[in-house]
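So the structure is just underneath, and the comments pick up after that.
The values are calculated or read from the model by the stated rules, or taken from the named source; none is laboratory data. Fair warning: this is a prediction, and the values are worked out from it, not measured in the lab. Using ideal geometry, Cβ is built from the backbone for each residue, glycine included, and neighbour counts are taken over all protein chains shown. Note: accessible area is taken over every heavy atom of the protein model, side chains too, but ligands, DNA and RNA are not part of it. Shrake-Rupley method; radii C 1.70, N 1.55, O 1.52, S 1.80 Å.
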Amino acid sequence: MKNGLFGFVAIVLVVLAVLAYLSFFVVNPTQQALVLQFGEIRRTAKEPGLYVKIPFIQNVVFLDNRVLDLNMEPKEVIAADKKRLVVDAFARYRIQNPVLFFQTVNNVREADLRLSTFLDASLRSELGRSSFTDVVRDRRAALMEAIRKDIDRRAAEIGVNVVDVKIRRADLPDANSQAVFRRMQTERQREATEIRAQGEEQSRRIKSRADRDATVIVAEAKRDAEKIRGDGDAERNRIFAEAYSKDPEFFAFYRSMQAYLTGMSSSDTRMVISPDSDFFRFFLGPQGPGGKASGAGAAKVAPSMPSSSAGTQ
């Protein structure tokens, strides 16, 4: 009797435990829940916590309460200036109305498909009214905000709030990009060639000016040198003339000594000349041959003697 009572109590406890397990459910902070009764939505549970439902009659559908990402494949769009653009964009959204969301799309996968259609249509509409420079540079932020508002207005029909829309990349197609790169390369090469030609022209102009200036400077220097040399020769001749006029005999003697020094400086000098010539007259005495020298004769001979050795062999 007692064993049967214990078994019955155990069965009752197990049934109560199962009923309690089936009667409670937990909503996490990252979730929101819908309580369904025979497919009809009875209530929602958006706040995290422990909730109660009728077992076997009601069931719970959990939906994500976080911000979800919607990645779209790159699309080719024609801008207002007839340029083709490859646009890579994505959106971020949150389930704002879980009842409407469940009634219209039922799950996240279907919601992504619907939102992808909205995003594609909005991108083509907004970018089709904008130029290439507006999309890639001037009005990119404004265009993304306009696309977000348009998608958010459409997504409200399925209980979704679009948080953000971003255009990752907006470029020309590969074929157009290559053509643009080649055109840019050609333009840069043309500019480089033009700059090199201008530099070469300036280089030649500077070199010709420098050569001309150098020629002028050298010519002027030679002219000044010849003038100075001529002035020096004139001054030398003047000094010699004054010395000659003051003492012709001494001048003749001095010039003869210079001639001896120059002509006999080398050890192997040989002269074929008469010993009693006028060139050796001072070897016989300071007054020349016969103890005296004719001033006019000496002056006539001595200045005409060359500074280098004469009659060398």
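Worth a mention:
- For segment 165-266, convex hull of alpha carbons as volume per residue, Å³: 254
- F101 contributes an accessible area of around 0 Å² to the protein surface, as traced by a 1.4 Å probe with all chains present.
- Computed over neighbours whose Cβ is under 12 Å from that of V67, the net charge equals 0, Lys and Arg +1, Asp and Glu -1.
- The residue among L115, S203, I158 whose Cα reaches farthest toward the positive pole of the charge dipole of segment 86-208, with charges on the beta-carbon of Lys, Arg, Asp and Glu, is S203.
- Residues R66, R204 ordered from highest to lowest accessible area at a 1.4 Å probe: R204, R66.
- Computed from point charges on the beta carbon alone (+1 for Lys and Arg, -1 for Asp and Glu), the dipole magnitude for segment 66-157 about its Cα centre is near 160 Debye.
- Shape call, segment 221-265: gyration tensor on alpha carbons, a/c limit 1.5: oblate
- Selection from G49, A79, N28 lying farthest towards where the dipole of segment 6-93 points positive, charges on Cβ: A79
- I217 accessible area, assembled protein chains, probe 1.4 Å, Å²: 110
- Checking every one of the chymotrypsin sites (Phe, Trp or Tyr not before Pro) in segment 32-82 against DSSP loop status and a limit of 10 other Cβ atoms within 10 Å picks out F38, F56.
- Straight-distance crosslink candidates among aspartates and glutamates, where the alpha carbon sits under 17 Å from K46 and sequence neighbours closer than 8 are dropped: D64
- Mean-position separation - Cα centroids, segment 18-77 and segment 129-148, in angstrom: 38
- Note on K53: aspartates and glutamates with a C-alpha under 19 Å away, same-chain residues under 8 apart excluded, are E40.
- Computed log₁₀ I(q)/I(0) - Debye formula, equal Cα scatterers, no solvent, segment 55-116, q 0.17 Å⁻¹: -0.71
- Along segment 29-40 the Karplus relation, 6.51 cos²θ - 1.76 cosθ + 1.60 evaluated at θ = phi - 60°, assigns HN-Hα couplings of x, 8, 10, 9, 10, 10, 9, 10, 10, 6, x, 9 Hz to successive residues, with x for each Gly and Pro.
- The trypsin sites (Lys or Arg not before Pro) of segment 76-119 that DSSP puts in a loop, and whose beta carbon has at most 14 other beta carbons within 10 Å, are K82.
- Taking every protein chain into account, the 1.4 Å probe leaves D88 with about 30 Å² of accessible area, to the nearest ten.
- Partners of K246 within straight-line reach, counting aspartates and glutamates whose Cα lies under 17 Å from its Cα and excluding those fewer than 8 residues away in the same chain: E235.
- Using C-alpha pairs under 8 Å with a sequence gap of at least 6, the mean separation divided by the residue count of segment 29-112 gives a relative contact order of 26 percent.
- Cleavage-rule hits, GluC sites (Glu not before Pro), segment 147-235, DSSP coil, Cβ neighbours within 10 Å at most 16: none
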